[in-house]
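Readers should treat all values here as calculations from the given coordinates under stated rules, not as data from a laboratory. Not measured: the values here are computed from a predicted model. Note: ideal-geometry Cβ built from the backbone for every residue, glycine included; neighbour counts use all protein chains shown.
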Amino acid sequence: MTMRNTTVMNRRTLLRTGAAGMTLLMSNAAAGRLAAQEASGRVVIGFSQEPTVMHPHMPHIEVDEGIHFNLFDPLFIVDTDGNFQPSLAREVPTVENGGISEDGLNWRVKLRDDVTWHDGEPFTAEDVKFTIELNQNPDFNAMRRNGHELVRNIRVVNDHELTWEMAEPFAPYPAILSWTFIVPAHVLAGAEDPNQTDFRNKPIGTGPFSFGERVAGNYILLNANQDYFGEGPHLEQAIFRYIPDMTVLYTQFRTGDIDVIGLQGIQPDRYEQAQQIPEREIVIAPSSAVESITFNMGKPQFQDPEVRRALSLALDRETIVEALYYGIPEQTESFLPRESYYYNEKLPSAAFDPEKAAQVLDEAGWLPGADGVREKDGVRLAFKNSTTAGNNVREQAQQLIQQTYAAIGVEMEISNLPPAVMWGEYWMMSQFDSVMVGITFTTGPDPDVSNYLHSSSIPAQGGAGQNTWQYKNERVDELLEKGGRMFVPKKRKEVYDEIQRLVHEDMPFLPMFQYANLRGHKTGLEGFDPNVNVRIETWNLNEWRWA
């Protein structure tokens, strides 16, 4: 098939990309691998953040999942309608088909028998058992243990069937399994230290693409898996290019150097212009991600709830949304998306009232010092705010917030970092003061947010999860545990309404808006289908093809 829409590495492209282009050519030649007969062409995807964590169960952020979804498979996936669909499992276990007992305590999972790993070894039930047990291993730096820690007595019935018991009913577990990518026992089981393996740099999966190479700071190359059990892949190669500067990312989309503009996409101020680019399709992709200012509750300046209340009153959300994001996203008060059945519509709207903010600080004893910055008990109300360097719109928002905070005697220093640094230990191990960040709190369509809000999920305190703001509320912990044991949506919603109310009062982070992501691709690319239930747009790359 003639590919007029694919990126061709001709002499002009090579001269423009320099050494990076030469490396890419050499890697393509070195791959020496024909894709499946129906696969044709390649797609070049631009991300503003760099995927760096190839192991899907080690701490990572959204952009890494752009790779995980294509190298690995879960037992089942969540489609765009929020329904579970079989992947490595032959069917999604339910009470109706006998896969889950009526009390939710006994599971039986039947697996496909036609799946092989990228190295040719057969996929078996031992791999599923190993993956769950790896996430239970206290010596492993797991992304999350929530849900997995309840699994008991895993028994391999045969190569394509296994059973286990749950210590207690846990409604979110199907959603968690839909994001639990299965990893190979035959590769990882013998590791002396599960955190230090070659797998981190040379991952082996069952997914539609196999790992080609990574050039740090530049790109990741994936090759079509000829033996993939599912649909596709329809492309010979997928190239994920790291372009941290949002202006350069947009320019390369406009000029055709990249075929797809993904995370973090098109900036809102370029939306109308982007719609005029010939042979480009612009998509407003629904997202569950919520943009917020988040505080490190381990820092002394944020431990007073009145400080967090004042900072909320001095946060001009409306101007940020309307002036900087052109009204495309919608303001929100919650960490749950508005599309969720469990969204609490009764949360009070945040007010912008700098005078009230100053009054709150005065009454709480935070008084201006000699330099005008408020202080109390030897603690200055001064902190850094960080986000990804090169994100111009976020930087403008930071500057606006910096000004309004300065007006009430709060010093906010803007301290942005490259993505690999920003979202590494600085974020995961709570080394920051405050952060401007967009987060998808939910796991698929399930409302459980224990991974972000339970006190046992604080990585900096030895927990497994993403409670990087170090938030602790015993009542929230109790409600999260209660909600996880409930299966009736109406009753469950009462619990999550209360969780949202308590978190709204505690303010470990200040929600600003729910994202509506602007994405784009060249005309002729089929299969691009944004999914609000996952965190990355390349979740179904196996279905993409050039018309």
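Computed quantities for the displayed model
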| item | result |
| --- | --- |
| Whole-number percent relative contact order across the chain, with pairs defined as alpha carbons under 8 Å at least 6 apart | 21 |
| Inter-probe distance in nm under a simple model that places probes 7 Å from Cα toward Cβ, at residue 339 and residue 547 | 2.3 |
| Inverse of mean 1/r across different Cα pairs in the range 234-310, Kirkwood, Å | 15.9 |
| Cα gyration tensor shape for the range 85-198, rounded if a/c is under 1.5, else prolate or oblate | oblate |
| Highest-first arrangement of 195-202, 143-150, where packing means the average Cβ count within 10 Å | 143-150, 195-202 |
| Backbone N within the range 272-294 under 20 Å of label point (7 Å from residue 396 Cα along the Cβ vector) | 272-277, 283-285, 291-293 |
| Kirkwood hydrodynamic radius (C-alpha pairs) into Stokes-Einstein, the chain, 25 °C and 0.890 mPa s, D in µm²/s | 100 |
| Dipole moment magnitude, nearest 20 debye, the range 286-515 about Cα centre, only Lys, Arg, Asp, Glu C-beta charged | 520 |
| Alpha carbon Rg of the range 448-509, scaled by the compact-globule rule 2.2 N^0.38 Å | 1.09 |
| Full-extension gain in nm, residue 137 to residue 529, via 0.36 nm per residue minus C-alpha separation | 137.6 nm |
| Theoretical FRET efficiency, 1/(1+(r/R0)^6), r = Cβ-Cβ of residue 505 and residue 355, R0 25 Å, to 0.05 | 0.70 |
| C-alpha center-to-center spacing [the range 121-191, the range 275-348] in angstrom | 34 |
| Within the chain: Cβ-based charge dipole about Cα centre, in debye rounded to nearest 20 (Lys, Arg +1; Asp, Glu -1) | 1000 |
| For the range 154-307: rounded, prolate or oblate by the Cα gyration tensor [a/c cutoff 1.5] | oblate |
| Spin-label pair residue 389/residue 367, simplified geometry with 7 Å Cα→Cβ offset, distance in nm | 4.1 |
| Most positive-pole-ward Cα, 527, 496, 132, against dipole of the chain from beta carbon charges | 527 |
| Full-stretch length increase - residue 116, residue 80 - with 0.36 nm per residue and alpha-carbon distance subtracted | 10.3 nm |
| Relative contact order, percent, the range 286-515 [alpha-carbon distance under 8 Å, six or more residues apart] | 33 |
| Protection proxy ranking, peptides 379-386, 361-368, average beta carbon neighbours within 10 Å, highest first | 379-386, 361-368 |
| Within straight-line cross-link reach of residue 376, lysines at Cα separation under 16 Å, skipping those fewer than 8 residues along the same chain | 299 |
| Options 434, 487, 388, ranked by Cα towards positive dipole end of the range 286-515, top entry (Cβ charges) | 487 |
| Length gained when the stretch residue 195-residue 103 is fully extended (0.36 nm per residue, less Cα-Cα span) | 29.6 nm |
| Footprinting exposure proxy for 88, 263 (fewest neighbouring C-beta atoms within 10 Å first) | 88, 263 |
| Rough spin-label spacing in nm, given labels placed 7 Å along Cα→Cβ, for residue 429 and residue 330 | 4.0 |
| Relative contact order of the range 73-185, pairs being alpha-carbon contacts under 8 Å that are 6 or more residues apart, as % | 31 |
